[in-house]
Amino acid sequence: MTETHDVIVVGARCAGSATAMLLARQGLDVLVLDRAGYGSDTVSTHALMRGGVLQLQRWGVLDRIVAAGTPPVRRALFHYPGEATARITIRPAAGVDALYAPRRTVLDPALADAAAEAGADLRFGTGVTGVLRDDSGRVTGVVAQDRDGRRLEAIAPLTIGADGMRSTVASAVGAPVLRRARGAGGAFLYGHWDELPVDGYEWVYAPYASAGMIPTNDGRTTVFVGTTPDRMKEARATAPADRVVDDLLRSASPSVADRVADARRPVRLRGFAGEPGFLRQVWGPGWALVGDAGGFEDPLSTHGMTDALRDAELLARAVRQIHAGSLPELAALAAYQQSRDRMAGRLFGVVDAIGSYAWTMDGLRPLLREAASAMSEQVEELERLDPLPVVTGR
Ligand SMILES: Cc1cc2nc3c(=O)[nH]c(=O)nc-3n(C[C@H](O)[C@H](O)[C@H](O)COP(=O)(O)OP(=O)(O)OC[C@H]3O[C@@H](n4cnc5c(N)ncnc54)[C@H](O)[C@@H]3O)c2cc1C
C-alpha cells in the first residue's frame, strides 16, 4: 500500500522531531519514520549551547526539559595544565539565562512528543531502505520496513533526511559533500558518573587530550575524555576503557582526575572512534537534509544538537515559503542551503582545528575564542528570526 503525505521525515531525534514539529505546526501532514525505538539512547554526550536552548525555549519545549529535572548550567570552567581554573559566567542573553544538558532519553522524546502533539504521525521501529523517484529523477518518497518485515511505501512532495551522519537518505539521493574537515576527528570515551559535583560545564584541555564534565539528569555527571583516533586506539589496545579514561584525565588535569576517581563510576562506558567532519549539499529536487545528515562536526564542539535544532528552524522556514507560494521550491531550498552554510561554516573550520589536537596550549586559546565567537554569531542570527506562526485546525 502507498501512503501520501505533505512531508516525510526520516529520523526522529533532535533534527527530525524538531523539523516535524515545526512543519506539523504549520498545518502540514507529516510522516516521521525512525528505525530506533521511542526514547532510546544514542552515542552522544548532550551539552546544549545557547543557540539550542534558545530554540527549545521559543518552541515551548524547554519547559519539558526543565520539568524532567535537567539542572541549569550557569557557569563554564576551563582547566588548563598548571594554571588556575578559568570561570566564565553564562550571562543572560537572547532570552536564555542557563544552559542545559538533557540526556538524549529526555531531549529526543520531548521533541518527538511535541511533534506528535502538533499532529505529526511518528512511527518508530521502521527503517527507510531507499527513496522513490519519478521519471525526471525527482525524489517522491521512501520505501521502508518495520520490525515485523512489513513493507511501507510513502510518497510526498518533500522527503527530509534527519537520519544522522550515515544518512540513508543522503546516500540514496547522492548528496555531494561540499566541505571536508582536514583532521580525522576526535575519538571519545564517556559515561555517566554518580556523586560527582560540578560547577557548570567543566572543560579540560591539554596537549593531545580533552575532557569534559557535564551535569545532567538524575543527579549524574557525564564525563568524557577525547584524543586523536590513533592515540585512543593505541590506549585501548593495552588497557580497559576505565583505565584509559583515568589515564587521559590524569595526563590532562590531575585535580579533575582525583575528583572523578572519588565519584561512583558508571557500569558502562561508551566509545566513539572518530569521524572526519563534513558539510553536505542539503537539498535537491524533492529532498532536503537536516542535522548530522547534512553536516557533522567533531563532537568536541558540543554543538551538534544545537546545529540540528538550527537546521530544523531554517528548513521549516523554507518549507513554509514553498507552501505559502512566496518562493518556488528550488529557490527556497537553495536559500536554506545558503543560510545553513553561512551559519555553520565558521564554527566548522575552527572545530576542525581544535579537534585535530595539532595545537600548542598558546595556540589553543585563540581557537577557543574563535569558536565562542562563531557560536555567538549563530545565536545572534537565530535571535533575529521572527517566531514561526503556528497554524491550528488542520
Ligand atoms: C561521542 C559524541 C558526543 C557528542 N556530544 C555532543 C554534545 O555534548 N552536544 C551536542 O550538541 N552534540 C553532541 N554530539 C553530536 C550529536 O550527537 C549529534 O549532532 C546529534 O545527535 C545529531 O542529531 P540528528 O537528529 O541529526 O541525528 P541522530 O541523533 O544521529 O539521529 C538520527 C536518527 O535517524 C534514525 N535513522 C538512521 N537511519 C535511518 C533509516 N534508514 N531509517 C529510519 N531511521 C533512521 C536513527 O535511528 C536515529 O534515531 C556528540 C556526538 C558524539 C558521537
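Screening residue 136 against (1) surrounded by fewer than 18 Cβ atoms within 10 Å (Cβ to Cβ); (2) within 11 Å of the ligand (Cβ to nearest atom); (3) among the hydroxyl-bearing types (Ser, Thr, Tyr) leaves a single unmet condition, (2).
Just one of the listed residues (119, 149) is without any contact (Cβ under 8 Å) to a residue 60 or more places away in the chain, of a type outside the set (Ser, Thr, Tyr), in a loop (DSSP other than H, G, I, E, B) and in the same structural domain as residue 12 (by TED's automatic domain parsing), and it is 149.
Please verify whether the stretch 140-150 includes one or more residues that are surrounded by 15 or more Cβ atoms within 10 Å (Cβ to Cβ), under 21 Å from the mean Cα position of the chain (by Cα) and not acidic (Asp, Glu). There is no residue in the stretch 140-150 that is surrounded by 15 or more Cβ atoms within 10 Å (Cβ to Cβ), under 21 Å from the mean Cα position of the chain (by Cα) and not acidic (Asp, Glu). Criterion applied to 209, 170 was being among the small types (Gly, Ala, Ser) and either within 13 Å of the ligand (Cβ to nearest atom) or within 19 Å of the chain's Cα centre (by Cα) (or both), and the one residue passing it is 170. Filtering the stretch 174-206 to residues that are hydroxyl-bearing (Ser, Thr, Tyr) and within 14 Å of the ligand (Cβ to nearest atom) leaves 190, 201.
Within the stretch 166-181, identify whether any single residue is over 28 Å from residue 10 (Cβ atoms), of a type in the set (Lys, Arg) and touching a residue at least 24 places away in the same chain (Cβ under 8 Å), and answer yes or no. Checked against the condition, which is being over 28 Å from residue 10 (Cβ atoms), of a type in the set (Lys, Arg) and touching a residue at least 24 places away in the same chain (Cβ under 8 Å), the stretch 166-181 yields no hits at all.
Is it the case that the stretch 67-80 has a residue that's within 26 Å of residue 389 (Cα to Cα) and either at pLDDT 95 or above or part of a strand (DSSP E or B) (or both)?
Yes, there is a match, as at least one residue in the stretch 67-80 is within 26 Å of residue 389 (Cα to Cα) and either at pLDDT 95 or above or part of a strand (DSSP E or B) (or both).
Applying the set (1) in a loop (DSSP other than H, G, I, E, B); (2) surrounded by fewer than 22 Cβ atoms within 10 Å (Cβ to Cβ) to residue 129 leaves exactly one unmet item: (1). For residue 62, the conditions (1) crowded, with 24+ Cβ neighbours inside 10 Å; (2) more than 11 Å from the ligand (Cβ to nearest atom) all hold with the exception of (1). When the residues of the stretch 270-287 are filtered to those that are among the hydrophobic types (A, V, I, L, M, F, W, C) and within 11 Å of the ligand (Cβ to nearest atom), the one that is surrounded by the most Cβ atoms within 10 Å (Cβ to Cβ) is 272.
When 191, 185 are screened for being in a loop (DSSP other than H, G, I, E, B) and in contact with a helix residue (DSSP H, G or I) (Cβ under 8 Å, 6 or more places away or on another chain), only 185 passes.
Can you say whether residue 50 is more than 15 Å from the ligand (Cβ to nearest atom) and touching a residue at least 40 places away in the same chain (Cβ under 8 Å), as far as the supplied structure shows? Here the answer is no, as residue 50 does not meet what is asked. Those helices (runs of 4 or more DSSP H) of the stretch 239-347 in which 3 or more residues are closer than 21 Å to residue 19 by Cα and in contact (Cβ under 8 Å) with a residue 40 or more places away in the chain occupy 304-324.
For residue 373, the conditions (1) crowded, with 16+ Cβ neighbours inside 10 Å; (2) under 22 Å from the mean Cα position of the chain (by Cα); (3) polar (S, T, N, Q) all hold with the exception of (1).
For the stretch 1-56, a residue qualifies if it is assigned to a strand (DSSP E or B) and in contact with an Asp or Glu (Cβ under 6 Å, 6 or more places away or on another chain), and the qualifying residues are 2, 10, 31. Every test in (1) away from the ligand (no atom under 16 Å from the Cβ); (2) at positive phi is passed by residue 86 save one, and that test is (2).
Out of 358, 353, one residue alone is in a helix (DSSP H, G or I), among the hydrophobic types (A, V, I, L, M, F, W, C) and more than 17 Å from residue 49 (Cβ to Cβ). It is 353.
Filtering the stretch 90-126 down to residues that are of a type in the set (D, E, K, R) and away from the ligand (no atom under 12 Å from the Cβ), which residue is surrounded by the fewest Cβ atoms within 10 Å (Cβ to Cβ)? Give the steps one after another, and end with the answer.
At the first step, the residues of the stretch 90-126 found to be of a type in the set (D, E, K, R) are 91, 97, 103-104, 108, 113, 117, 121, 123.
The next check asks that each one be away from the ligand (no atom under 12 Å from the Cβ); those that pass are 91, 97, 113, 117, 121.
Numbers: 91: 8, 97: 13, 113: 17, 117: 11, 121: 17.
Per the criteria, the residue is 91.
The values are calculated or read from the model by the stated rules, or taken from the named source; none is laboratory data. Remember, it's a predicted structure, so these values are computed and weren't measured experimentally. Ideal geometry is used to build each Cβ from the backbone, glycine not excepted, and the neighbour counts take in all protein chains shown.
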